[in-house]
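Comments concern the structure below.
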Amino acid sequence: MKIRELAEKMDLAPLSLPDGDREVEGFYAGDLLSWVMGRANAGNVWFTIMSNVNVLAVASLVDLSAVVLAEGVTLSDKDAASALEKGINVFTSEKSTFELCALAGELAK
Amino acid sequence: MAEAITFHYDVDGENFTSAGNASVQVKRKLRQLGFPPEIIKRVSIAMYEGEINMVIHASGGSADVTVTPEEVRIVLTDHGPGIADVALAMREGYSTAPDNIRSLGFGAGMGLPNMKRYTDTMEIDTEVGRGTTITMTVKVA
Ligand SMILES: Nc1ncnc2c1ncn2[C@@H]1O[C@H](COP(=O)(O)OP(=O)(O)OP(=O)(O)O)[C@@H](O)[C@H]1O
Ligand SMILES: [Mg+2]
């Protein structure tokens, strides 16, 4: 599945979408950056409530396919611009991390 | 044998938003030099963790990276408080990060373990009151 398709199915609002054709390769959820950096895999979609420039660094270093900010969390305009420039897909959703995971689990079946 | 390429960065201890810049630049350089993605990932994650640690725990420092076709060597030097118990600091989950830093998503106590995991060798030379030097290598071939 492509990121664009996932966003539509999960009703995710784009904050930065430089690469909607990127392929989704699994999911990861968590808010502790070093933990995510050690455990998430390239191509994963990452669900988190954290939103700052370091989240973008982690997404870029691990080469995640997208970051989804849960609970209506958004990016500052500056960070959104930086995400776009770095080629990182970022979405926001009103759903909780749990609801996002449950939904993703359904889609992954 | 091809000559070594070296990079030097000063890591600003005050500026949290620029923390990670040196790693991002090294990542870009390695990509330009044509290193395999897996090597680039390992180097940049290990360096990022070390860089963030210097910002959070040691008020900044410097990073020296030496690149040869055989290996990438990263030396991180700071003049912070030093690490009293290295074995304890290396344990997954051990962290002394203060609350304001934790609210940014740091403080899992996974940085040093990640550095160890993503590199082939890692040496910590530290003394309380003097500072810390961490040397890591990632073998290319
Ligand atoms: N350069 C350093 N100078 C002084 N102390 C350090 C340094 N690097 C690490 N430490 C000490 O080692 C502990 C563990 O470091 P580690 O990177 O594993 O976790 P952390 O930085 O606290 O959290 P995380 O990296 O998961 O965000 C730190 O909390 C700190 O006490
Ligand atoms: Mg750390």
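The values are calculated or read from the model by the stated rules, or taken from the named source; none is laboratory data. Since the model is a prediction, treat every value here as computed from it, not as a measurement. Don't worry about glycine lacking a Cβ; one is built from the backbone with ideal geometry, like all the others, and counts go over all protein chains shown. To get the accessible areas, we keep the full protein, side chains included, count just its heavy atoms, and leave off ligands, DNA and RNA. Shrake-Rupley method; radii C 1.70, N 1.55, O 1.52, S 1.80 Å.
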TODO: Name the residue farthest towards the positive end of the dipole of the protein assembly as shown from the options B:Ile74, B:His8, A:Gly105, assuming +1 on Cβ of Lys and Arg, -1 on Cβ of Asp and Glu, about the Cα centre.
DONE: A:Gly105
Task: Protein accessible surface hidden between A and B, which excludes ligands and nucleic acids, total in Å², probe 1.4 Å - done: 1700 Å²
- [ ] On the protein heavy atoms, probe 1.4 angstrom, tell me the percent of accessible surface of region A:4-109 carried by carbon and sulfur.
- [x] 52 percent
TODO: Pull up the cross-link candidates among the lysines for B:Lys27, meaning alpha carbon to alpha carbon under 28 Å and not fewer than 8 places away within one chain.
DONE: A:Lys2, A:Lys78, A:Lys86, B:Lys41, B:Lys116, B:Lys139
Open item on the list: Considering only protein heavy atoms and a probe of 1.4 Å, how much of the accessible area of chain B is carbon and sulfur, as a whole percent?
Closed with: 50 percent
- [ ] Would you kindly derive the ³J(HN,Hα) couplings of region B:106-117 from the backbone phi angles with the Karplus curve 6.51 cos²θ - 1.76 cosθ + 1.60 (θ = phi - 60°), listing them in order in whole Hz, with x for Gly and Pro?
- [x] 8, x, 6, x, 10, x, 4, x, 5, 4, 5, 5
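Would you please classify the overall shape of region A:3-108 from the alpha carbon gyration tensor, given that a ≥ b ≥ c denote the square roots of the eigenvalues, rounded means a/c under 1.5, and beyond that prolate means a/b larger than b/c while oblate covers the rest?
rounded
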TODO: Return one whole number: the accessible area per residue of chain B in Å², for a 1.4 Å probe.
DONE: 49 Å²
Task: Filtered GluC sites (Glu not before Pro), region A:20-109: DSSP coil and at most 15 other beta carbons within 10 Å - done: A:Glu25, A:Glu71, A:Glu94
Open item on the list: Can you compute the charge dipole magnitude of chain B about its Cα centre, using +1 on each Lys and Arg Cβ and -1 on each Asp and Glu Cβ, nothing else charged? Give it in debye, rounded to the nearest 20.
Closed with: 500 debye
Open item on the list: List, by residue number, every residue in region A:13-36 with a reduction of 30 Å² or greater in accessible area between the chain on its own and the complete protein assembly, 1.4 Å probe.
Closed with: A:Leu32, A:Leu33, A:Ser34, A:Trp35
Open item on the list: I'd like the trypsin sites (Lys or Arg not before Pro) in region B:54-102 restricted to DSSP loop residues with at most 14 other Cβ atoms within 10 Å, sorted by number.
Closed with: B:Arg91
Task: Estimated 222 nm signal from helices in chain B, with DSSP H stretches of n ≥ 4 weighted -39500 (n - 2.57), rounded to 500 - done: -10500 deg cm²/dmol
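When Lys and Arg each count +1 and Asp and Glu each count -1, what net charge do the other residues less than 15 Å away from A:Ala83, Cβ to Cβ, add up to? Write down the numbers at each step before the final one.
Working: positive: A:Arg22, A:Lys78, A:Lys86; negative: A:Asp19, A:Asp63, A:Asp77, A:Asp79, A:Glu85.
Overall, the nearby charge balance is -2.
Over region B:8-141, what relative contact order in percent results from Cα pairs under 8 Å that are six or more residues apart?
Contact order relative to length: 27 percent.
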Open item on the list: Can you give me the accessible area per residue for region A:3-108, using a 1.4 Å probe, in Å²?
Closed with: 43 Å²
